[in-house]
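What follows draws every value from the coordinates through simple rules; no lab data is involved. Just so you know, these numbers come straight off a predicted model, no measurement behind them. Note: ideal-geometry Cβ built from the backbone for every residue, glycine included; neighbour counts use all protein chains shown.
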Amino acid sequence: MNTASSIVARRILVTGGAGFLGSHLCDLLVEAGHEVLCVDNYFTGRRANIAHLLDRSNFELMRHDVTFPLYVEVDEIYNLACPASPIHYQFDPVQTTKTSVHGAINVLGLAKRTRAKIFQASTSEVYGDPSVHPQTEDYWGNVNPIGPRSCYDEGKRCAETLFFDYHRQHKVRIKVARIFNTYGPRMHPQDGRVVSNFIVQALKGEDITIFGDGQQTRSFCFYSDLIRGFLALMDSPDEVTGPVNLGNPGEFSMLELAEAVLELTGSRSKLVFMPLPQDDPRQRRPDITQAQDKLGWTPQVPLREGLTETIAYFDRLLSSNES
Ligand code: NAD
Ligand code: UDP
Ligand code: UDP
């Protein structure tokens, strides 16, 4: 049975809507019949990700940089605008911090004026290189404030601060999700994150680039599980502000990931070991008790199943580019 909130069409702003996660979110919201305004400056996003939505009457696309004010009338906001891959967020670190911090101020000002409910795509990076494992939401993190990752980590931490201050000071209804590594179709082949790197390298028969000794771990969530979590959080009662971890607790070393990709692609690529980037977290795994208890959310897609679908996507993409 539909809930009342899913029957009533709402005006929903998605910032970063032309990116990997944002475009999948737009798909679901458009399908549900909402009026969706997608805002993106195309820094890492692509029109191709949302091209199939352009002729839908309840979808609108606006090129806009969230570091500048935006005056529109909306009921809900999903704030996803921010490059997520280390190579992209370190390309122009000042702009990355501005996107997180000025972007948050602008969308929160918009939410305050329109009384919209607002979702923030925060990140497991707020835990930095964690000394608590698995990470619970009450852990304050271990973040270098001045390193090459800080523009992203501290930008997202400051955005969380702003969300909670607008909530306490101005009664803005907030929903803060701490997202752990998520992968799937529509990742950019040059995105630079580990899952897309390994798959593209395996499919092209190039060397698989393991940074460090490959013993560092990550927990990988398939995009469809994650987006279901976004909607569950947005539709939860107002007192559920988060921060709430959203991720798949299955934990793998980068060597295990490489082996799974090699096996599923049937590739004969060789593993090569490269220097570990500075401040690269050694381990990461979400404690999702809060998401389970408060949202009734649990990820369903195991790594190999999600990898198989992602490999098929990159295979199609690479063969169409080559033909
Ligand atoms: P992505 O790079 O594919 O998407 C980010 C989108 O934001 C892109 O379309 C980009 O063009 C847009 N953008 C960047 N700066 C902007 C600006 N100043 N104004 C307007 N648009 C801007 O990355 P993604 O994986 O889809 O990530 C989406 C969000 O989720 C990000 O906020 C990211 O920090 C967060 N997140 C993602 C993951 C993950 O594993 N995918 C993990 C933690 C957090
Ligand atoms: N803002 C926006 N759209 C709106 C309302 C506000 O982009 O509909 C931006 C604007 O740049 C403003 C910021 O959000 O400076 C913060 O708004 P707030 O009302 O908190 O503060 P103030 O307007 O006093 O700066
Ligand atoms: N990584 C790797 N090879 C690559 C890209 C990344 O071994 O080609 C490693 C990286 O050092 C990190 C992990 O994979 O330990 C996840 O990196 P990613 O950039 O995907 O995400 P994040 O570090 O932000 O979790």
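Seen through its C-alpha gyration tensor, with square-root eigenvalues sorted a ≥ b ≥ c, the stretch 272-323 comes out oblate because a/c lies at 1.5 or above while a/b is not bigger than b/c. With a Förster radius of 45 Å, plug the Cβ-Cβ distance of Y42 and E259 into 1/(1 + (r/R0)^6) and report the FRET value to the nearest 0.05. Efficiency at R0 = 45 Å is approximately 0.80.
Can you bin the stretch 250-289 into rounded, prolate or oblate? Criterion: square roots of the alpha carbon gyration tensor eigenvalues sorted a ≥ b ≥ c, rounded for a/c under 1.5, prolate for a/b above b/c, oblate for the rest.
On the way: a/c = 4.78, a/b = 1.34, b/c = 3.57.
In terms of gyration-tensor shape, oblate.
What relative contact order, as a whole-number percentage, does the chain give when Cα pairs under 8 Å and 6 or more residues apart are counted? The value is 16 percent. Compute the FRET efficiency between M62 and R268 as 1/(1 + (r/R0)^6), taking r as their Cβ-Cβ distance and R0 = 45 Å, and round to the nearest 0.05. Once the sixth-power term is evaluated, E becomes 0.45.
Using the alpha-carbon positions of the stretch 12-97, Rg (one decimal) and Dmax (whole number) come out as 12.6, 37 Å.
The long axis of helix 93-114 is offset from the longest Cα principal axis of the chain by roughly 30 degrees.
About its Cα centre, how strong a charge dipole does the chain have in debye, to the nearest 20, once Lys and Arg get +1 and Asp and Glu get -1 at the Cβ?
Working: 32 positive and 39 negative charges, 133 e Å.
The dipole of the chain has a size of about 640 debye.
Panel order for D280, D40, by other beta carbons found within 10 Å of each beta carbon, from fewest to most: D280, D40.
Out of the GluC sites (Glu not before Pro) in the stretch 214-269, which ones are loop residues according to DSSP with at most 15 other C-beta atoms within 10 Å?
Numbers: sites: E239, E251, E256, E259, E263; in loops: E239.
Answer in residue order: E239.
If only the Cβ of Lys and Arg carry +1 and only the Cβ of Asp and Glu carry -1, the dipole of the stretch 187-303 around its Cα centre is close to 280 debye.
Can you put K98, K117 in order, fewest other beta carbons within 10 Å first?
Numbers: K98 16, K117 20.
In order of increasing Cβ crowding within 10 Å: K98, K117.
The angle separating the long axis of helix 254-265 from the principal Cα axis of greatest extent in the chain is about 80 degrees. For T123, the residues 5 or more places off, or on other chains, whose built amide H falls under 5 Å of its own are I179.
In summary, the convex hull built on the alpha carbon positions of the stretch 145-185 has an orientation-averaged projected area of 4.3 nm².
On alpha carbon coordinates alone, what is the Rg over Rh value for the stretch 8-322, Rh being the Kirkwood radius? Walk me through the intermediate numbers first.
On the way: Rg = 18.7 Å, Rh = 19.8 Å.
Here the Rg-to-Rh quotient is 0.95.
A straight line joining the Cα centroids of the stretch 236-261 and the stretch 141-207 runs 12 Å.
Near T182, the amide H atoms lying under 5 Å from its own belong to C221; only residues 5 or more places off or on other chains count, and H is placed 1.01 Å from N.
Using the alpha-carbon positions of the stretch 118-180, Rg (one decimal) and Dmax (whole number) come out as 12.1, 34 Å. Note that the stretch 63-182, at 20 °C in a medium of 1.002 mPa s, gets a Stokes-Einstein diffusion coefficient of 146 µm²/s from its Kirkwood radius over C-alpha pairs. Taking a straight Cα-Cα cut-off under 16 Å and skipping sequence neighbours fewer than 8 places away in the same chain, the lysines within cross-link reach of K156 are K98, K175. Compactness ratio for the stretch 110-236: Cα radius of gyration over 2.2 N^0.38 Å (N = residue count) comes to 1.24.
Residues in the stretch 37-77 near a label at D279, defined as backbone nitrogen under 18 Å from the 7 Å Cα→Cβ point? Counting backbone N atoms under 18 Å from the label point, the list is empty. Taking the fewest neighbouring Cβ atoms within 10 Å as the starting point, the ordered list for V74, V8, V36 is V8, V74, V36. About the centre of its Cα atoms, the stretch 160-221 shows a dipole size close to 540 debye [charges on the beta carbon of Lys, Arg (+1) and Asp, Glu (-1) only; nearest 20 debye].
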